[in-house]
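Below: the structure, in structure tokens.
Every number here is computed from the coordinates shown, using simple stated rules; none is lab data. The structure presented is a predicted model; accordingly, all values stated were derived computationally and were not measured. Because the Cβ atoms are built from the backbone with ideal geometry, glycine has one as well, and the counts that use them run over all protein chains shown.
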Ligand code: NAD
Ligand code: ZN
Ligand code: ZN
């Protein structure tokens, strides 16, 4: 089968032919309908050889959806032909965090060598994907797999981040979204669907800001040196109750801190390496700063429900598998509006 692989540190991803996988006991084979292109892959492909954590070559793609093509021995509760989305941050299923459904925070994944598809284990950017356990597959019957696949990360990650800040986002409050790309444009819709907060979106160019407005931002503000003042102005000088940074670079995390009002939440989702010092008088009183990772299995169910009710809709650009390297180039250049999705089988 064809697969999109990162083969060598520093090289561009390549489309190659690899052996068709076969499901072992307990495993499920998916025929992949859609695989999302995430900016985290670009970060992974920029890591130096000395500290690169995964074995190469690595088949990319940590957002996957498709139909069940074959079941390994002993798999029950799922049938060939079922349309499913893959829960990516897979855990051991047994530790205290996994017991809560928070497999994204599995306490034993590292020790057991469990990696998400596309981030250590072979990913979804291939004609077929092996999934280690049926519990990682959520039914998406009735939904379009292409528009649904980004919800497994670009939907789930902002949902998990926003959910913790819901108590702050009361009527009259303001939420700021920094970076309105794949994750950010879903974050805006989640904030609109789940809260009465005013949503202020920041990005670096007009196309991105236009998408932010289209998906529901009340204000779309250019992310430049005046952005902090603009947010202060929009909030009567007080700052926002919650700031979600989907870039996570040094300038954006500093901006996020400066925009946060008293008792606000600053959530750094982007992995561009920025750090925000916390200490008395650094930020407004009692600001909480956190850096979450992906989301729980239960939360993915909830996100899929929001897609079913039409509350969130991902803007997608689709590519055939041979064009996946070009999709990564466009994402790297900031040219994707919404999420790029690869269709490995068509
Ligand atoms: P993306 O490229 O689709 O979106 C990023 C957006 O940020 C783009 O629209 C870009 O124009 C904008 N941007 C860049 N610099 C900016 C600045 N200075 N101010 C405002 N906006 C700016 O990327 P994505 O796939 O949505 O991922 C976003 C980030 O989240 C990445 O760092 C990714 O690695 C990370 N991520 C983290 C998790 C997690 O669990 N913490 C999960 C998924 C993705
Ligand atoms: Zn991702
Ligand atoms: Zn676990």
The exposure ranking of 73, 153, 132, fewest beta-carbon neighbours within 10 Å first, is 73, 132, 153
Within the chain, what percent of beta bridges assigned by DSSP are antiparallel, to the nearest 5? 50 percent
For segment 102-145, taking Cα atoms only, what is the radius of gyration to one decimal and the Dmax to the nearest whole Å? 12.5, 38
When N is the residue count of segment 47-171, what does its C-alpha Rg come to as a fraction of 2.2 N^0.38 Å? 1.16
Once both axes come from the Cα atoms, what is the angle between helix 156-165 and the longest principal axis of the chain, in degrees from 0 to 90, rounded to 10? 40 degrees
Least to most buried among 140, 342, 271 (fewest other Cβ within 10 Å first): 271, 140, 342
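Give me 168, 151, 107 sorted ascending by neighbouring Cβ count inside 10 Å, so fewest comes first. Intermediate values should be presented prior to the final figure.
On the way: 168 19, 151 28, 107 14.
In increasing order of surrounding Cβ atoms, one gets 107, 168, 151.
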Could you give the nm distance between label points at residue 226 and residue 250, where each point is 7 Å from its Cα heading toward the beta carbon? 2.6 nm
For a label point 7 Å along the Cα-to-beta-carbon line of residue 47, residues of segment 98-122 with backbone N under 16 Å: 109-122
PRE zone check, label point 7 Å out along Cα-to-Cβ of residue 76, amide N under 16 Å, scope segment 2-34, hits 26-27
Can you give the percent of C-alpha pairs in the chain whose distance is more than 36 Å? 18 percent
What value, in deg cm²/dmol to 500, does the helix sum -39500 (n - 2.57) over DSSP H runs of n ≥ 4 give at 222 nm once divided by the residues of the chain? -7000 deg cm²/dmol
Can you tell me the equivalent ellipsoid semi-axes for segment 188-322? Use √(5λ) from the Cα gyration tensor, largest first, whole Å. 26, 18, 16
Once label points are set 7 Å from the Cα along Cα→Cβ at both residue 293 and residue 275, what is their separation, rounded to one decimal in nm? 1.8 nm
